[in-house]
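J.: A single structure is presented below for examination.
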Amino acid sequence: MSHQSKPLYYNTVMNFNKPPRLGLDIGTLYVKAVLFQDSDTIPVEKYFKPHKGNPVNNIREIIQSFGINGSQTYLGVTGVNSNILAGIVEPLNPVRALRIAVLKHFPGVRNIIDVGGCSVTLISLNENGEFINYTTNSLCAAGTGSFLDQQAERLGISYDEAHSFSSVEDPPAIATRCAVFAKTDLIHRQQEGYSKEALWSGLCKGMTNTFMQILLRGKKLEGCTVITGGIALNREIMRWLKEKFGDSIQCYPDPVFAQAIGSALEINNSPVVLPENIEIKKKTISMLKESRPPLVLKKTKYPDFSVLEEWVDNLENEIRILKPLTKTISGYIGIDVGSTSTKLALVDEEEEVAVDIYRKTSGNPVGATQALFKALQDIEKQRNVKFYVLGSATTGSGRKLVGKLIGADLIANEITAHATGTLKIDPEIETIFEIGGQDSKYILLKNGRMAQCNMNYVCAAGTGSFIEEQAKKLGFSIQEIGDRVAGLSAPPSSDRCTVFMEQDLNNLLVQGYDKKEALAAVLYSIAQNYLTKVVGKRPVSENKVFFQGATARNKSLVAAFENILNREIVVSPLCHIMGCYGAALLTKAQMKDNTDFKGLDLSGKKITLDYERCDLCTNHCKITFANIEGEKEKPSWGYMCGRDPEEKKKKKVPGFAPFQKRRAILARMGNVPVKNPVATFGVPRTLVNFSYLPLWKKFLGELGIRLILSPSTNDETVEKGIESSAADFCFPVKIAHG
């Protein structure tokens, strides 16, 4: 990851008294090269460019641009993909390359932290510069360069622009454990009105904490620490590192090229000739593992998605007319407000969808909903029809926000809405797979009632955004994937996260597969990841599975599920709007009085959001108020205690009463007066320690030992617990550490 947006090299022809030294770092995503003349210690040429799965082309470009075609050259090679030149020169271990390069500038260095495209590494050295230990990230790409690249692209921020941002003292907190979930947090913070500078600063702060926690795992960072990799060029990252660890943090002078420089400094072989037409022998398909079955549907009857009319309007709403429009249409509106897309279904009194609309949320659920209403109003004008809304409902991640704004009669959870829509389509369905833009759901029904459900947790690898990210990297639009890879046999691939999958794709391309075959592998990875992490060991119906979400419009992904499960996959023509369809049906079933729906003219009203902190209790909720043009009422939401806006005190939740009573009993039990304690014993207020508190008080009191409890959990305890945890424990155990 670097702030450079173009390949970095100079077109010059060099004249050397002695063979030059060329250092190559062929990484997961990029090729870096440096050229030294004679015994100079400063490179005369540099090159940095993504290889997109074909580093051979980059090497040819380096040979030409550095002017060393046909010349004797000392060659040093390192990096993940350095083995492609193993027949020419022995590759150098990347850790050794980094150590050599950094020691040249920082003789007293004790730690080297390298943040690459798909890896984060900590190298520990002793006082003599000798290797002690090596730590790296696991199969999660949180804290890597590609992670930050993706978020910058989503925010529309170039690295040159980010470099000019002013520092933000107290930026918003952004989740940085998963690339796709970070996007969700950024969307929510955008809705709250934070600037690009604040979002960028919060993202960099979160990422800094994440990769340091991954590398340190509860240990202290001692001694001079040098940062390498393109991330060291990020001013905000370096700012937060220095704020946390002080002047012990140093930046390598040429951080992007550290490994390449190390490989050039360590050359001990004879000069070689690198011709411009260099050919690297690739692994042939026959040498690789057996491919997966072709993406062909055999048991599944894929639906016809054609409707009476469909078009995309000037607001980028995808509009479909499913039934002939009469002069007046009375019905119920369901809106599914997702992080990635917002959908609307107008369901008539016969419980059939008359009109549905699909659009991107684009980080603005209020604006997206207004655009949907504008589309309905345009249909009314253009077709001379009138829509009478008898009731409305919202579901999805933005259901409460939008529900308050539109005067929804029902705010339904996603599981119930999806199950309701599915059962209307096929009452016999028991197992439902739903893959949305940033979340995935598993629902098991028994006799028309929910028996089990589960959603993806922490990792968003098996989601629609995952597919879109990988397709974009390979040069495909999300709409064409299903047809482009249909019938192909996919090579084996892992079911890892969205950032690491880029590494796997590049490896497949290096091995000789084409882009369509690599994309087919992505679809199998999506299906396998969903089955592993969302379904797990939960039951799946033997005869058929209902698959929904916009991802079900990808015929080849449906084929991947069919091949893995060996059973029929049922897909509805309404698969992408099943949530809002179910929400509309739920509204119809419960409506008794007149609707509270505010009307479609909400589309033309100015809506602004204000925020206020509630200090009635320790929750300190951030309350959002909506100012709707022309309306006195200001809908508000965000009350974690469940109180109504009119109430001016914390709502008492009866369910908490037993816990409060238990706490009071534990405080009274086991007390033994200790006047002159021989010692003091501390017990963390967590887990079984707290449950056995009366025992400890009695036992220690009889021994003349005073017992003290840690304070109640607060933000400081949480932060200390996360920093001091040596593994990725569950939250209660992290609290115990704190």
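J.: Among the residues of region 192-228, how many are over 19 Å from the mean Cα position of the chain (by Cα), farther than 30 Å from T608 by Cα and touching a residue at least 12 places away in the same chain (Cβ under 8 Å)?
T.: Number of matching residues: 13.
J.: Now for a separate question. Can you confirm whether region 283-294 contains a residue that is of a type outside the set (G, A, S), modelled with pLDDT of 90 or more and open to solvent by 10 Å² or more (accessible area, probe 1.4 Å)?
T.: yes
J.: Please identify the pairs in which a residue from region 81-98 that is at pLDDT below 90 has its Cβ atom under 8 Å from the Cβ atom of a residue that is of a type in the set (S, T, Y), counting only partners at least 6 apart or on another chain.
T.: From residues that are at pLDDT below 90, the pairs are N81/T28.
J.: Counting just the residues of region 358-370 that are open to solvent by 20 Å² or more (accessible area, probe 1.4 Å) and of a type in the set (S, T, N, Q), which one comes out farthest from the chain's Cα centre (by Cα)?
T.: Ranking the qualifying residues of region 358-370, first place goes to Q370.
Each row is one residue, and each column tells you yes or no for (1) in contact (Cβ under 8 Å) with a residue 60 or more places away in the chain; (2) of a type in the set (F, W, Y); (3) in contact with a strand residue (DSSP E or B) (Cβ under 9 Å, 6 or more places away or on another chain).
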residue	(1), (2), (3)
G76	yes, no, yes
I100	yes, no, yes
K104	yes, no, no
I123	no, no, yes
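J.: Let me ask another. Working only within region 145-191, note down all residues that are among the β-branched types (V, I, T), modelled with pLDDT of 80 or more and within 28 Å of P94 (Cβ to Cβ).
T.: Answer for region 145-191, where residues must be among the β-branched types (V, I, T), modelled with pLDDT of 80 or more and within 28 Å of P94 (Cβ to Cβ): there is none.
J.: Quick check on region 591-608. Is at least one of its residues in a helix (DSSP H, G or I), among the hydroxyl-bearing types (S, T, Y) and under 22 Å from S397 (Cα atoms)?
T.: yes
J.: Does R235 satisfy the condition of being at pLDDT below 85, surrounded by fewer than 20 Cβ atoms within 10 Å (Cβ to Cβ) and more than 23 Å from G27 (Cα to Cα)?
T.: no
Yes or no, residue by residue, for (1) of a type in the set (G, A, S); (2) open to solvent by less than 50 Å² (accessible area, probe 1.4 Å); (3) in contact (Cβ under 8 Å) with a residue 60 or more places away in the chain:
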position	(1), (2), (3)
V535	no, yes, yes
E542	no, no, no
V545	no, yes, yes
P573	no, no, yes
A583	yes, yes, yes
M591	no, yes, yes
L609	no, yes, yes
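J.: Same structure, new question: Are any of the residues in region 657-678 in contact with a strand residue (DSSP E or B) (Cβ under 8 Å, 6 or more places away or on another chain) and farther than 30 Å from S710 by Cα?
T.: Scanning region 657-678, I find no residue that is in contact with a strand residue (DSSP E or B) (Cβ under 8 Å, 6 or more places away or on another chain) and farther than 30 Å from S710 by Cα, so the answer is no.
J.: Among the residues of region 38-48, is there at least one that is touching a Ser or Thr at 6+ places or on another chain (Cβ under 6 Å) and without any contact (Cβ under 8 Å) to a residue 60 or more places away in the chain?
T.: Scanning region 38-48 turns up no residue that is touching a Ser or Thr at 6+ places or on another chain (Cβ under 6 Å) and without any contact (Cβ under 8 Å) to a residue 60 or more places away in the chain.
J.: If you don't mind, another one. State yes or no: is P654 modelled with pLDDT of 80 or more and either closer than 28 Å to A173 by Cα or within 37 Å of the chain's Cα centre (by Cα) (or both)?
T.: yes
J.: Within region 614-626, work out how many residues are surrounded by 13 or more Cβ atoms within 10 Å (Cβ to Cβ) and either without any contact (Cβ under 8 Å) to a residue 24 or more places away in the chain or under 31 Å from the mean Cα position of the chain (by Cα) (or both).
T.: 7
J.: I would also like to ask the following. Kindly provide the set of residues from region 71-101 that are of a type in the set (A, V, I, L, M, F, W, C) and open to solvent by less than 60 Å² (accessible area, probe 1.4 Å), ordered by number.
T.: L75, V77, I84, L85, A86, V89, L92, V95, A97, L98, I100, A101
J.: Any chance you could count how many residues in region 328-357 are in a strand (DSSP E or B) and open to solvent by 30 Å² or more (accessible area, probe 1.4 Å)?
T.: Summing the residues that are in a strand (DSSP E or B) and open to solvent by 30 Å² or more (accessible area, probe 1.4 Å) in region 328-357 gives 2.
J.: If you don't mind, there's one more thing I want to ask. Just wondering, is there one or more residues in region 670-680 that are loosely packed, with under 14 Cβ neighbours inside 10 Å and either at positive phi or free of Cβ contacts under 8 Å to residues at least 24 places away in the same chain (or both)?
T.: yes
J.: Continuing with this model, one more query. If K400 satisfies all but one of (1) of a type outside the set (G, A, S); (2) over 17 Å from T342 (Cβ atoms); (3) not in a strand (DSSP E or B), what's the number of the condition it fails?
T.: Exception for K400: condition (2).
J.: So in region 658-708, with the set limited to residues that are of a type in the set (G, A, S) and modelled with pLDDT of 90 or more, which one is farthest from I735 (Cα to Cα)?
T.: G704
J.: Of the numbered conditions (1) over 30 Å from K516 (Cα atoms); (2) free of Cβ contacts under 8 Å to residues at least 12 places away in the same chain, G331 fails exactly one; give the number of that condition.
T.: Among (1) over 30 Å from K516 (Cα atoms); (2) free of Cβ contacts under 8 Å to residues at least 12 places away in the same chain, the lone unmet condition for G331 is (2).
J.: Now for a separate question. Suppose the filter is open to solvent by 10 Å² or more (accessible area, probe 1.4 Å), within 30 Å of L186 (Cα to Cα) and in a strand (DSSP E or B); does R320 pass it?
T.: No.
J.: Follow-up question, since we're still on this one. Hey, can you tell me all the residues within region 209-232 that are open to solvent by 50 Å² or more (accessible area, probe 1.4 Å) and in contact with a helix residue (DSSP H, G or I) (Cβ under 7 Å, 6 or more places away or on another chain)?
T.: Hit for region 209-232 is Q213, nothing else.
J.: Only one of these conditions is not met by K441: (1) over 24 Å from S339 (Cβ atoms); (2) among the basic types (K, R); (3) buried (at least 17 other Cβ atoms within 10 Å of the Cβ). Which number is it?
T.: It is condition (1) that K441 fails.
The values are calculated or read from the model by the stated rules, or taken from the named source; none is laboratory data. All of these numbers come straight from a predicted model, not from anything done at the bench. Every residue, glycine among them, receives a Cβ derived from its backbone with ideal geometry; neighbour counts consider all protein chains shown. Just so you know, the surface numbers come from the protein's heavy atoms only, side chains and all, with ligands and any DNA or RNA stripped out. Shrake-Rupley method; radii C 1.70, N 1.55, O 1.52, S 1.80 Å.
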